[in-house]
Each structure stands twice: as structure tokens, then as C-alpha cells.
Amino acid sequence: MLGVVLVVAALGGAFLATPLTSPADSMNLFKRISSGCSSSGPASCHNTTRQNDLCCFESPGGLLLQTQFWDTNPSTGPVDSWTIHGLWPDNCDGTFEENCDPSRDYTNIADLLTSQGASDTLSFMQTHWVDINGKNEQFWEHEWSTHGTCYSTLEPSCLPSGSAKGAEAVAFFNTVVKLFKSLPTYDWLAQAGITPSTSKTYTLSQITSALKSASGVTPALDCSSGAINQISWYFNLKGSLIDGQFVAIDTPKKGSCASSGLKYPPKSGSATPTTTLVPQSGGSSPTGGSLPSKAQIHASSTGGLLTAGTWSTQTLATYTLTGTTSSFTMSTSKGKCAVSSGQLTCGSSVSSASTFSATSSGGNLLLTFQGSTAFTSDKTPSGSDQETVFTGSSHSADYTLQIVAA
């Protein structure tokens, strides 16, 4: 992890007035356990008196970096999203600690998340927190053992009585995913006309100005061979990492990018596979490339779509797809499918079908709407539950949808 050169003046109270997430939002970062801590006290690195309760005040690692990758060789993750590197606790003086508790170097993170009810987080990690060599599990284990074990507010003694072993690691991954979702770097750049290109170059000022305009703060950018490949968003924390308030601040250090001639190359679209899709009974293996005329729509975590466009673990519907991978419409036995006010619906009430596209990723075809492969629901369905499907990632359970030839 890169250390920081702390600029004391840059960490003054002025930056604390620009929280990237509201207190209400941040208190929803992790809903499964509660720290019992208040977020009304001083932010980490800004206390004027000694803080004795380090379960509710992050120390010494109170300067937090949410780091993201833009991998293009090989490509990883969605073509229209940066991916997660980690959440690192630098000390307030610019130093940092690593590998703080080998006794909690948990393995098999996927099983840990699933067993403690965080399969929605795992699903998102499988597409957005991915290793460039396809070794996701080792990547996640490294980020937890190297950085996650160094958070004072995630000490096992800080958890509610009766918490399962590893609950603090589950809290860590949930929080990182939620924080990452509040930092849509790709979208913020695209809104300013800064998009991946094989020929264009940008100045550092263009990029940082666009990001500050969208977020209110300036991040640090790192480059490799003149191409942007990592960004770091800086925060202080009020309360616990489990459910505290992240307060965005300007970067206290400069990244490695030059001032001009910065390349932002596109991803190839042939990213390293990050999920294994198990076909439902009666379905065939997923196919990349051509668009099938009849298909089932499988969710990356579990189940898939029914005839009304809802998400369920029941027997999946057969969808009729009309068009090509770049532009097609969908319908079921109930009627046409459309997205209205961010909600997917299929039925007789739909008068005009929406246009979708398909993105090839790791040999799978991902359902795409308005350039995004992200879909979300209030919770993961079980039994006979049917969950409404929304576009984007603003609800609790996030996933992608694979088109599987029927």
C-alpha cells in the first residue's frame, strides 16, 4: 500500500464540510450488525482530546483510502466501471500499518460472506472486486489480512455479543462495497465527456476538475506508462467502520500521473471471468457473442427473472429477444418488457418495449440497459419470493443478469 505524505493544513475542518455520503446514507452502509457507536463525535485524525474508546473512533489508521483500479491489460470487471482495489487505513501522520493480526487471516471469504447472509455483497464482488489474474479469493484474503485487520473499530471485542467468528470481516467487505458504490468514477468522468479512448489524451486538471465537480473533493490518480490505472478517494471516519459516517476530503498527496498527455484506454470487453454460471434445469450453457432468440435471464447470485420481470428462485421464464446484441427488445408470455422510472416490468400494461443491449464478459452475455450491466433489488429472493428489479445499484442486493439460450 502506498503511504501518504500528510499535509496537515489540508486536513483542516474545511474539508469536513463536504461529506460525500450523508449521515443517513452512511448509517445504512451495513445493516446486519450495529456497532452501537455515535457518529456525532470528532472525525478520525481531527480529535483534540485523547480518545479512549477505539471501538468507536478509528485510530491510528484514521486516514482512509478507497482505491479503485482501471485494468485494461488484461481487462477486468465491467467495461463501464472501475473496480475495487481496497479500503486502506493510513495513519494520520502519513505512515501505515499492515498485517495487524495474523490470527484473523481468514480464508474462503466467499463462504464466510455467504454463511453470514452477505451473498449480495459477494455477488457484487465477483464482478467489481476482481483480480487481474483471476485469483479473486486470494485477492480478497490479501485485502482483509493486510488492511482489514488493522482497523481498531473492527476488533472482535468491538462487535455485538454473540457475533459469529469472522463477522468483522463480513462487515469490512460490506462497507467497502457500499462505499465503492457511492463513488461512480466512470460515470462522473463520462458526465464531463471524459471517456475511454484509443486516441484521446487528457490533462490531469481536466480529470481532477471533473471528479471534484461531481464529488466535491479531489482524489489522487496513479498512472502506468502514461495511462490512468488507479484512483484513491480519501476519507476520515466518524464512528465505526461498521456503520459510521465517511467524510470525504481532498487528497493529501499527489498521485503518480503527469500533468498532461494522460491516456484513458478502453477495456477490451474480454475481461477475466469472475463468476461461474450454473445453468438452471432445462437451460443451456451461456453463450457469448450472438443473441439467442429465446433465452432465460439468470441472476449472477441466484435465480433469475420470471415472466413479469421479477427476480425469483422459482422456475425461470423464457424470454423472446428481438434484434441484435447492440439493440434488442424483450418480451415474455405476459407481454412486452420495459424499464420505467428505473423499474423493469413485463406485461400487458407495457405499451412500448424498452431497448436493451448485451455486453460480452468472460464468455457470458450480460443484459445491459443504457450502457450499464448493474441491476439491483431490495433483497435476495428465497422460496416463493419475487423481488422487483431496478436498474443501477441503489438498493441492497446488486447483481448482473446473464442471457442464457433456452
message: Looking at segment 201-222 only, could you name the residues that are open to solvent by 30 Å² or more (accessible area, probe 1.4 Å), in contact with a strand residue (DSSP E or B) (Cβ under 8 Å, 6 or more places away or on another chain) and either polar (S, T, N, Q) or closer than 18 Å to Asn73 by Cα (or both)?
response: Thr201, Thr203
- request: All but one of (1) among the acidic types (Asp, Glu); (2) farther than 24 Å from Leu366 by Cα; (3) touching a residue at least 24 places away in the same chain (Cβ under 8 Å) hold for Asp111, so report the exception by its number.
  value: (3)
message: Going residue by residue through segment 266-276, is there one that turns out to be at pLDDT 95 or above, assigned to a loop (DSSP other than H, G, I, E, B) and open to solvent by 30 Å² or more (accessible area, probe 1.4 Å)?
response: yes
- line: Quick count over segment 152-194, residues being more than 19 Å from Ser394 (Cβ to Cβ), open to solvent by 50 Å² or more (accessible area, probe 1.4 Å) and polar (S, T, N, Q), is 2
message: Can you tell me which of (1) in a helix (DSSP H, G or I); (2) of a type outside the set (S, T, N, Q); (3) at pLDDT below 95 is the one Val177 doesn't meet?
response: (3)
- line: Taking segment 363-374 and keeping residues open to solvent by 30 Å² or more (accessible area, probe 1.4 Å) and over 18 Å from Gly323 (Cα atoms) leaves Gly363, Ser372
- request: Return the only residue of Ser59, Ser35, Ser44 being assigned to a loop (DSSP other than H, G, I, E, B), at pLDDT 95 or above, of a type in the set (S, T, N, Q) and closer than 28 Å to Ser213 by Cβ.
  value: Ser44
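The values are calculated or read from the model by the stated rules, or taken from the named source; none is laboratory data. None of these values were measured; they are calculated from a predicted model. Please note: Cβ atoms are built from the backbone with ideal geometry, for glycine as well, and neighbour counts cover all protein chains shown. The area values use the complete protein model at the heavy-atom level, side chains included, leaving out ligands, DNA and RNA. Shrake-Rupley method; radii C 1.70, N 1.55, O 1.52, S 1.80 Å.
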